[in-house]
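Asker: Below is the structure I would like to discuss, written out as structure tokens.
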Amino acid sequence: MRRTHAAIAVIVAGLSLAACQQVDNTAGAPTVYIDPATSGPVKGVGIESQDIVGMTDQMMRDMLSQPRLTNAATPPSVIIDSEYFHNESSSRLNKNTITDRLRIGLNRAAAGRMQFVGRHYADMVAKERELKRQGTVDRGGLPAARAQKGGDYRLGGRITSLDSRDPRSGAMQRYSQIVFEMIDLETSEIVWSGIYEFAKSAQDDIIYR
Amino acid sequence: MAVVGALRWTTCLLMAALTGGCVTAREREAVPEAALVHSYLSDKPAELHRHFYVTLAQGPRNRTLNHMRLGLASFAMGNRDRLAAELFDDALAGIEAVHADTPETRKAQGLMTGERIKDFKGEPYERVMAYYYRGLLYLRDGDYDNARASFKGGMLQDALAEEEQYRADFALMPFLQGWAAHCAGKDALAAEDYREFKDFNKDAPLPGGTDNVLVLVETGGAPVKVSDGPRLRLRRTAGTGSARIVWNDPDRPGRPGNGGQALLLEDIFHQASTRGGRPFDAILEGKAEFKSTADTVGDAALVGAVVAANVATSGGSPYGRKTRQQRENENDARAAAAMVAGGLAVIGLLSKAFASTIEAQADIRYWDNLSDRVLGLTLTLPDGVKTLGVEFLSPGGNVLRQDRVAIQRAGRCGLAWIRDGAATLPRNPRAPNSVPADIMATPVTIPPPVVLVTTSPPRETKESPP
């Protein structure tokens with residue numbers, strides 16, 4: 001009889017412990033490719049890949065439809081980099097992600113209607129020109145240029161945001177505005193402007209508020 | 001016989017109750033593979049190996065907390081900025097991830113699972129400080145846009161205070177936003193940020209237009225989280241007075257510069273303690289009330305069981321002879337009392353066991369190598385000045401300690417950051433209360449590397465004929 005009770009005690013204790021040991025047996029997720037133009041499983045209220053893809057595609061189409069940029073008798077030289085593209089928002093991001101995609105997309109689609117200047121490679125070009133002129137290396141196959149190419153237009157822009165948070169519900173909302181402008185580098189005239197804007201909101205679970 | 005049976009059942013249930021404290025597998029440490037551990041530790045500073053090992057063993061539940069602690073430790077080393085940036089980027093990703101309806105958030109609200117089961121994001125003051133250090137890393141790197149974005153993001157985390165006057169009042173953030181804008185040459189933006197800073201700190205002087213070095217001095221130890229049941233409380237550990245900044249200009253030898261006393265830009269403990277009640281406290285209080293009720297029911301049932309057991313074991317009236325009928329009646333009454341005692345004991349113990357499994361404690365994991373206060377000063381210094389002298393002062397103005405700090409210049413501005421008080425390298429590789437007490441007490445031992453023994457294939461030998 002005593003043995004029976006001891007056995008019951010052990011079983012009950014064991015079951016109690018077993019019930020508590022909630023093993024985290026969630027299956028792991030294998031690596032999957034996600035379309036960068038769509039919203040992935042991890043989301044926030046900041047600028048994400050689908051926003052970058054969407055905004056650069058839209059800006060590219062808009063720029064290519066501008067006769068002043070794409071139908072000039074002499075294709076204009078354009079500088080597209082992040083030097084004058086400012087981030088004043090509350091989203092931390094590498095601005096090159098935006099300007100690089102824009103430049104590459106435009107360069108491929110423009111098919112010679114615009115010429116692109118790699119100003120961010122100016123140091124690299126200057127070093128090579130110096131080596132050629134010193135005679136350390138030969139002159140290469142292409143004819144020598146008097147100087148590096150100057151730009152006719154350069155991209156400028158600004159990322160700003162407006163954030164709000166409800167202290168009771170913990171809901172957060174962010175309106176992001178990204179402005180692109182093409183500036184005439186002789187007159188400072190703005191020859192083209194584009195704007196991309198979106199607002200996102202999210203609410204954390206009560207345990208994080 | 002019935003009494004003995006009831007007592008045995010009581011023993012069984014008592015044992016079950018004693019073993020009822022729930023610790024989920026998520027709260028325990030895993031034992032990572034040695035090869036994985038050594039590959040992970042290969043590019044980490046040797047003095048932080050045990051800490052990084054713990055990060056690996058504790059997994060995603062404490063990942064943000066461990067990355068905050070190690071990010072700060074790496075940042076303080078001065079030559080590990082890339083690692084610190086990676087760690088803080090990861091911690092901020094954890095903070096910014098929206099946990100809308102995950103299995104963990106649902107479990108944390110359950111009766112028998114504690115709040116500590118959730119992935120750590122930190123209280124608002126901890127989240128803000130993660131953005132602060134990430135912003136300082138951007139400043140060190142001369143990336144003023146992202147520095148300002150970080151400080152701005154930090155301010156947003158401080159919007160959750162219970163009382164309106166304490167919402168988004170982390171003055172350090174708009175000050176640094178303004179400084180980052182000033183360094184980026186955006187004066188209009190800087191003026192806007194400084195106006196916001198002035199709303200919280202009316203008397204503080206603003207940086208001058210030519211200032212090019214920001215000195216930040218941190219003092220004291222991190223706010224300590226304690227729990228008196230469902231409510232989270234914070235304690236101040238230590239604070240110091242202020243700091244005076246001095247330097248020698250190599251172009252003007254013999255004329256030491258005196259920047260004066262650094263100003264209090266932020267009292268972190270004040271920020272931590274004015275957050276007020278959290279919405280989740282109401283859920284924890286509900287759990288605590290349920291636990292208390294179950295406990296009271298258990299107590300009442302056990303008292304009843306004892307009374308009934310007394311009746312069951314009493315020998316009846318000692319006076320006079322009893323008839324057979326009377327003896328039978330007494331025996332029946334004792335048997336009934338024994339049944340009642342047994343039943344009440346079972347109910348009481350089940351109720352106590354149930355109460356003991358209800359988890360109503362607030363989560364008290366915390367970032368332990370934070371400081372208590374941030375003092376600051378901006379200066380106009382020639383490029384020749386590479387280091388500054390810092391005199392830490394007691395509240396009475398006496399010099400407690402002197403130290404030197406290097407100015408790290410990038411872009412238009414330089415940053416000099418120094419810490420007094422609690423060590424930035426956490427003494428315990430495990431963050432406080434990050435795992436159950438029994439695991440906290442065990443030493444952290446990194447498994448030895450796996451040595452691959454390669455054996456050469458046996459040489460073919462020609463067997464000689466016998």
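The values are calculated or read from the model by the stated rules, or taken from the named source; none is laboratory data. Just so it is clear, the structure is predicted and the values come from calculations on it, not from any experiment. Here the Cβ positions follow ideal geometry from the backbone for every residue, glycine too, while neighbour counts run over all protein chains shown.
Asker: Would you mind telling me which numbered condition in (1) among the aromatic types (Phe, Trp, Tyr); (2) farther than 30 Å from B:Leu139 by Cα; (3) modelled with pLDDT of 95 or more B:Trp9 fails?
Answerer: For B:Trp9, the exception is condition (3).
Asker: Please specify each residue of segment A:167-209 satisfying the condition of being under 16 Å from B:Ala159 (Cα atoms), without any contact (Cβ under 8 Å) to a residue 24 or more places away in the chain and either surrounded by 16 or more Cβ atoms within 10 Å (Cβ to Cβ) or away from chain B (no Cβ under 14 Å) (or both).
Answerer: Across segment A:167-209, the qualifying residues are A:Pro167, A:Asp205, A:Ile207.
Asker: Only one of (1) buried (at least 20 other Cβ atoms within 10 Å of the Cβ); (2) under 30 Å from B:Trp247 (Cβ atoms); (3) within 14 Å of another protein chain (Cβ to nearest Cβ); (4) not hydrophobic (A, V, I, L, M, F, W, C) fails for B:Thr378. Which number is that?
Answerer: (3)
Asker: Give me the pairs, please: first residue somewhere in segment B:23-39 and within 10 Å of chain A (Cβ to nearest Cβ), second residue anywhere and surrounded by fewer than 17 Cβ atoms within 10 Å (Cβ to Cβ) and aliphatic (A, V, I, L, M), beta-carbon distance under 8 Å, and either six or more positions apart or on two chains.
Answerer: Pairs found: B:Ala25/A:Val23; B:Arg28/B:Ile439.
Asker: Something else: Looking only at segment B:395-424, count every residue that is among the aliphatic types (A, V, I, L, M), closer than 23 Å to B:Gly135 by Cα and modelled with pLDDT under 90 and tell me the total. Reasoning before the result, please.
Answerer: The initial filter retains those residues of segment B:395-424 that are among the aliphatic types (A, V, I, L, M), namely B:399-400, B:405-407, B:410, B:415-416, B:418, B:422-423.
Applying the additional criterion that residues be closer than 23 Å to B:Gly135 by Cα yields B:405-407, B:410, B:415-416, B:418, B:422-423.
This time we only want the ones that are modelled with pLDDT under 90, so: B:422-423.
Residues that pass the stated criteria total 2.
Asker: Could you tell me whether B:Ala84 is in contact (Cβ under 8 Å) with a residue 24 or more places away in the chain, of a type outside the set (S, T, N, Q), in contact with a helix residue (DSSP H, G or I) (Cβ under 8 Å, 6 or more places away or on another chain) and crowded, with 24+ Cβ neighbours inside 10 Å?
Answerer: The answer is yes for B:Ala84.
Asker: Within segment B:430-453, can you find the residues that are of a type in the set (A, V, I, L, M, F, W, C) and part of a loop (DSSP other than H, G, I, E, B)?
Answerer: B:Ala431, B:Val435, B:Ala441, B:Val444, B:Ile446, B:Val450, B:Val451, B:Leu452, B:Val453
Asker: Which count do you get for residues in segment B:39-92 that are under 18 Å from B:Met129 (Cβ atoms) and among the small types (Gly, Ala, Ser)?
Answerer: Total meeting the criteria: 7.
Asker: Can you report the number of residues in segment B:103-123 which are within 7 Å of chain A (Cβ to nearest Cβ) and of a type in the set (Ser, Thr, Tyr)?
Answerer: The total comes to 1.
Asker: Here's a follow-up. Which residue pairs have Cβ atoms under 8 Å apart, sit 6 or more places apart or on different chains, and have a first residue in segment A:41-63 that is in contact (Cβ under 8 Å) with a residue 24 or more places away in the chain and of a type in the set (S, T, N, Q) and a second that is buried (at least 21 other Cβ atoms within 10 Å of the Cβ) and part of a helix (DSSP H, G or I)?
Answerer: Between residues of segment A:41-63 that are in contact (Cβ under 8 Å) with a residue 24 or more places away in the chain and of a type in the set (S, T, N, Q) and residues that are buried (at least 21 other Cβ atoms within 10 Å of the Cβ) and part of a helix (DSSP H, G or I), the close pairs are A:Thr56/A:Ile98; A:Thr56/A:Leu102.
Asker: Keeping to segment B:136-167, report how many residues are on the phi > 0 side of the Ramachandran plot and either assigned to a helix (DSSP H, G or I) or at the interface with another protein chain (Cβ under 8 Å from one of its Cβ atoms) (or both).
Answerer: Count: 0.
Asker: Something else about it: Going by what's in this entry, would A:Ile47 be described as within 14 Å of chain B (Cβ to nearest Cβ) and surrounded by 14 or more Cβ atoms within 10 Å (Cβ to Cβ)?
Answerer: yes
Asker: Now, a different point. Has segment B:62-84 got at least one residue that is at the interface with chain A (Cβ under 9 Å from one of its Cβ atoms), outside any loop (DSSP other than H, G, I, E, B), of a type outside the set (A, V, I, L, M) and under 17 Å from the mean Cα position of the chain (by Cα)?
Answerer: Scanning segment B:62-84, I find no residue that is at the interface with chain A (Cβ under 9 Å from one of its Cβ atoms), outside any loop (DSSP other than H, G, I, E, B), of a type outside the set (A, V, I, L, M) and under 17 Å from the mean Cα position of the chain (by Cα), so the answer is no.
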